[in-house]
Structure formats: C-alpha cells, structure tokens
Amino acid sequence: MLLLLLPYLIMVVVNEVSRWRQPGVFKYKGGVTYGVSIPAINPSEGDPDRCTWRCHDDTEYCLNHHVEHPPAEWLKGAYFGIIRLLAGTGAYGLSNVLLLGAGWPFMMLLLLIGVVRMRRKIKSLRYE
C-alpha cells in the first residue's frame, strides 16, 4: 500500500516545498504586482519569460513563448485530443484527476504486474 501512496506523497512534498522557494512578490511588465496574498504560485496573466497559469489554460501561448523545439504534430494532436475529451465531460477538473491522476497510474501498475509475471514465467521455463 505504501508503494502506491509514495509517488503521491512525494508529489505533495515537492509541491509544498517549492512554495517556500518562490519569491514573495512577482513583478511583471506594466507595473502589475502579485503579492503573497494570492494563494496560487503563478498568476493567470501571461508572461513571455516564464510559464504561468495562462500556459495551463492556453497551451498555444506556452508553445509560442516558452517551447524551443515544438512537439511533433501527431503528439500535439494526441495532447489536444485528450484535453478535448476531458473538457467534453463537463467536469474537466474531476475527469482530469480521475483519468490522469488515478486511471493512468493504475494502468501502469497493471502493466508492471504483467511484465513481472511474464518475466517470472520466462525464468521458470528457462530452468526447467
């Protein structure tokens, strides 16, 4: 059970520790200042110098301003297909957590168990 929870615990610890390392005040062009009263690490306003929540909400903005080597078209198609699928459910946040936060890791766990079983079977056949 701990093996299943460990990746999530590490993710939470890294996320919380990264908050301590963030500067207390963000100053952006145009004189807009975001202080420590904002609960999010990044503002929703776009910044050409670093990723913000705008990159999460508008991936094309991030691709145009922050990505040096854009991904292949087939990969962009798959990525935006997943985004459209999640958004089409009507509950984007919940479906994102269920699919990418629980479903994908569970599928990877099942594949890992399958690989381990297959290796054991191969090993047992080798020494018969």
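Worth a mention:
- In segment 69-128, the C-alpha radius of gyration followed by the widest Cα-Cα span (Dmax) gives 18.0, 55 angstrom.
- DSSP-loop chymotrypsin sites (Phe, Trp or Tyr not before Pro) across segment 84-128, with at most 15 other Cβ within 10 angstrom: Y127
- For H65, H56, the sequence from fewest to most other C-beta atoms within 10 Å is H56, H65.
- Distance (nanometres) between label positions extended 7 Å along Cα→Cβ at I83 and L125: 4.4
- The fewest-to-most ranking of R119, R54 by surrounding Cβ atoms within 10 Å reads R119, R54.
Values quoted throughout were computed directly from the atomic coordinates according to the rules given, and no laboratory measurement underlies them. Predicted model only: the values in this text are computed from it and were never measured. Note that we place each Cβ from the backbone using ideal geometry, even for glycine, and neighbour counts take in every protein chain shown.
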